[in-house]
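Here's the structure we're looking at; comments come further down.
The values are calculated or read from the model by the stated rules, or taken from the named source; none is laboratory data. Just so we're clear, the structure is a prediction, and the values are computed from it rather than from any experiment. All Cβ positions, glycine included, derive from the backbone under ideal geometry; neighbour counts span all protein chains shown. Note: accessible area is taken over every heavy atom of the protein model, side chains too, but ligands, DNA and RNA are not part of it. Shrake-Rupley method; radii C 1.70, N 1.55, O 1.52, S 1.80 Å.
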Amino acid sequence: MYFFISNLALADLIISSSIVPNMLCIIWLDGHTMSINGCITQFFFVFVPTYAQCCLLMVMSFDRYLAICFPLRYSSIMNITFSFHLIFCSWIIGILLINVEVILISQLQFCSSNIIDHFFCDFAPLLALSSSKIYILAWLDVSFNIFIIFLPFVCITVSYICIFIVILKISSSKGRRKAFSTCSSHLIVVCTYYGSLIGVYMSPTRASAFYENKLKSLLFVMLTPFTNPIIYSMRSKEIIETIKNLYRKKKSTQ
């Protein structure tokens with residue numbers, strides 16, 4: 001699980017590093033200039049880890065499914081080699097899909113307005129600036145979103161239905177709490193991540209909805225990377241004990 005969490009943290013770090021510095025420049029300077037190649041590069045480094053994260057969350061749900069539903073076979077199935085292959089495939093899928101979109105975007109013509117109504121080079125605002133025909137690229141993006149966002153979400157949902165069925169069959173309340181605690185952090189992350197992601201990229205995009213999408217994108221860019229370390233840190237007994245000790249020292253000094 002910690003091997004998967006480290007890759008999830010890496011994806012969060014890449015997304016935040018690709019967006020936040022430019023966003024701070026926009027806020028500080030009341031606008032910012034970026035070349036077309038720079039915009040496409042930012043698009044690449046934002047959505048490769050975004051797609052990879054969807055796959056990683058699905059892989060982590062499969063990991064929890066094996067740990068709870070097949071605990072005796074977990075170690076033999078989820079070994080380090082199989083875990084590495086799952087992580088590798090998650091990143092490769094993101095790189096391959098985004099490369100297809102980047103190639104098609106780089107062939108577009110931008111002859112009209114050069115002002116992006118967003119705080120980063122998102123897909124819909126970028127297409128809104130193009131004077132080329134974008135129907136094929138728009139439908140391709142919808143297909144990718146269904147494949148990489150919706151299908152993993154369905155797999156995660158099915159995994160947790162199976163997990164909850166197994167947990168409910170546990171006779172002791174202590175056993176049910178222990179089993180649920182092993183997947184509670186991942187479940188919270190899935191809800192916060194997919195709540196903002198589906199709201200932005202799986203809903204119909206209209207010009208009048210750009211402002212609403214910017215607010216949703218801000219939650220996706222800022223809230224999720226900020227809350228993920230906190231959520232998973234609460235699972236660590238050492239971190240909880242350190243927080244308790246700091247609280248006791250602060251209380252004793254007052």
Give the calculated FRET efficiency between Ser132 and Thr81 to the nearest 0.05, with a Förster radius of 51 Å applied to their Cβ-Cβ distance. 0.65
Rounded to the nearest 500, what is the chain's calculated 222 nm mean residue ellipticity when only DSSP H runs of at least 4 contribute -39500 (n - 2.57) each, over all residues? -26000 deg cm²/dmol
Can you pull the percent of the chain's accessible area that's carbon plus sulfur, 1.4 Å probe, other chains left in place? 70 percent
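Any chance you could list the semi-axes, whole Å, largest first, of the equivalent ellipsoid that the Cα gyration tensor gives for the chain, using √(5λ)? List each step's numbers first, then the result.
On the way: eigenvalues 275, 113, 49 Å².
Taking √(5λ) for each eigenvalue gives 37, 24, 16 Å, largest first.
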Rounded to 10°, Cα long-axis angle of helix 36-69 versus longest principal axis of the chain: 20 degrees
Have a look at Thr41, Pro71, Leu56 and report the one farthest towards the positive end of the charge dipole of the chain, computed about the Cα centre with Cβ charges (Lys/Arg +1, Asp/Glu -1). Pro71
Given points 7 Å out from each Cα along the Cα-Cβ axis, report the Thr227 to His32 separation in nanometres with one decimal. 2.5 nm
Could you work out, for the stretch 7-54, what percent of all Cα-Cα pairs fall into each 10 Å distance bin, beginning at 0 Å and stopping at the bin that holds the largest distance? 27, 48, 23, 2
Per residue, what accessible area does the chain have, given a 1.4 Å probe and all protein chains present, in Å²? 57 Å²
Rounded to the nearest 0.05, what FRET efficiency do Ser17 and Lys251 have when you use their Cβ-Cβ distance and R0 = 41 Å? 0.65
Applying a 4.7 angstrom Cβ cut-off across the chain, unpaired cysteine residues come out as Cys25, Cys54, Cys55, Cys69, Cys89, Cys111, Cys155, Cys162, Cys183, Cys191
